[in-house]
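J.: First the structure, then my questions, so here it is.
Derivation of every value follows stated rules applied to the coordinates shown; laboratory data play no part. Keep in mind that this is a model prediction, so the values were computed, not measured. In this analysis, Cβ positions are derived from the backbone assuming ideal geometry, glycine residues included, and neighbour counts consider all displayed protein chains.
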Amino acid sequence: MVRRVALVCPYSLSRPGGVQGQVLGLARSLDRLGHDVTVFAPVDRTEDVPEGIGFIASGHSVSLRANGSVAPVSVSPPAAMAALRRLRALRPDVVHIHEPFAPGLPYALLAAREVPPLVATFHRSGSSVLYTLLSPVTRRLAGRLAVRCAVSAAAAATASAALGGTFEVLFNGIEVDRFAGIEPWPVEGPTALFLGRHEERKGLAVLLEAWEQIIGADAGAGAAASTGGRPPALWVAGDGPETARLRHRHPESDSVRWLGVLGEAEKIRRLVAADVLAAPALGGESFGMVLLEAMAARTVVVASDIDGYRDAAGGRAVLAAPGDPVALARALRGVLDGDLAGGGAGREAWLEAGAGRADEWSMAELAERYEQLYTTVMVGGGS
């Protein structure tokens, strides 16, 4: 049975992010299952409208601080109401809202009358000022949700503490096929890649300090023999409130390359090309999606030993104490020097194990799980 599904993302598609990627990936996977899918999300530039996906803009975004980060959300009531009217005109069988208590269209749907069954997925973990300040309102509106899902146990615990109720704990999905057969680019010697917003909790400052130790040690040794005499380079992708300060302290050089915000195609090619993905977040990560993407790209992962990353890695990443540049430098240097069990053969085994771990989180499987939930709410079930 073909179903008409509306997927609602509160975050602007003009700003790459984990929730945005999940919504677009789920839309593509549901489309392949034969469903009629339309994504509703803010967008700030026409060139950021997704191709090959039904899409309706739900406004332009402003940046609001939330959970130690900055969320690009629409706060325009007229834009939310206009999007709500267009959603109703589509007559979807089910509406799937990601982060249902983010501003914009999600709140409009929770407050509206005569809307289709609402499935919600909660991504955030850790404390939330919004939940605390609006607790009576959010608990009442949560009663409108037919099914409550969470991407991890940590996200479910956060939402349950604020809203009560029961949650279906699923996972974030990986479009594994998007990493298959990709030509690595550029290939210019040993490289580490950072992907993320330049803000304190993502740990970029710690990574850059660790990288100085690596480069300084190489300079003192003349250059590591294992890297063929070429010093390693750190690719820093993304931007954020700390970009200017960190670039001033660690300017562009042969060893540090500032790439800015990457498009999806370039991100994938650089993930495939990199020797190691560095994920040095200090905390507040409900799930390490970028770790699994790196594994799908057959890139070794070095990550902070925090709950969200540890759960995602499943023993397939090199973990270092969060906020410790010495420990991070040691872990990165070990990977770049090939110090994985068994040398070269060990690296291949490590990459195979990582790819297998990524396969466990297939977006295609996740879409089938959501498909089952949609059927449940359409026949009057739910929780």
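J.: Neighbour counts of other C-beta atoms within 10 Å: give me Trp235, Trp258 arranged from fewest to most.
T.: Fewest-to-most ranking of Trp235, Trp258: Trp258, Trp235.
J.: Given H placed on each backbone N at 1.01 Å, which residues far from Ser304 in sequence or on other chains put an amide H within less than 5 Å of it?
T.: Ala279, Ala281, Ala320
J.: Please list, by residue number, everything in the range 40-60 whose backbone N is under 18 Å from a paramagnetic label point 7 Å out along Cα→Cβ of Ile182.
T.: The answer is 51.
J.: Next question. Could you please rank Asp359, Asp177, placing first whichever residue has the fewest other Cβ atoms within 10 Å of its Cβ?
T.: Ascending Cβ contact count within 10 Å gives the list Asp177, Asp359.
J.: List the residues, sorted by chain then number, that are 5 or more residues from Phe55 or on another chain and whose placed amide H is less than 5 Å from its amide H.
T.: Val39
J.: How many angstrom lie between the C-alpha centres of the range 145-212 and the range 4-75?
T.: Cα centres, the range 145-212 to the range 4-75: 17 Å.
J.: Hey, another quick one. Please list, in order along the range 161-166, the HN-Hα scalar couplings obtained from phi with the Karplus expression 6.51 cos²θ - 1.76 cosθ + 1.60 (θ = phi - 60°), rounded to whole Hz, x for Gly and Pro.
T.: Karplus values, whole Hz, x for Gly and Pro: 4, 8, 10, x, x, 10.
J.: Hey, how much of the P(r) for the range 1-112 falls beyond 19 Å, as a percent of Cα pairs?
T.: 38
J.: Provide the three semi-axes, in whole Å and in decreasing order, of the ellipsoid equivalent to the chain as defined by the square roots of 5 times the Cα gyration tensor eigenvalues.
T.: For the chain, the ellipsoid semi-axes come out as 38, 21, 19 Å.
J.: For the ranges 98-110, 243-255, 315-327, what's the packing order if you count other beta-carbon atoms within 10 Å of each residue, average per peptide, and put the highest first?
T.: The most tightly packed comes first, giving 98-110, 315-327, 243-255.
J.: A further question follows. Through the Karplus equation 6.51 cos²θ - 1.76 cosθ + 1.60, θ set to phi - 60°, convert the phi angles of the range 356-370 into ³J(HN,Hα) values in whole Hz; use x for Gly and Pro.
T.: x, 4, 4, 4, 5, 10, 4, 5, 4, 5, 4, 4, 5, 5, 5
J.: State the Kirkwood hydrodynamic radius of the range 178-359 in Å, one decimal place, computed from all pairs of distinct Cα atoms.
T.: So the Kirkwood estimate lands at 16.2 Å.
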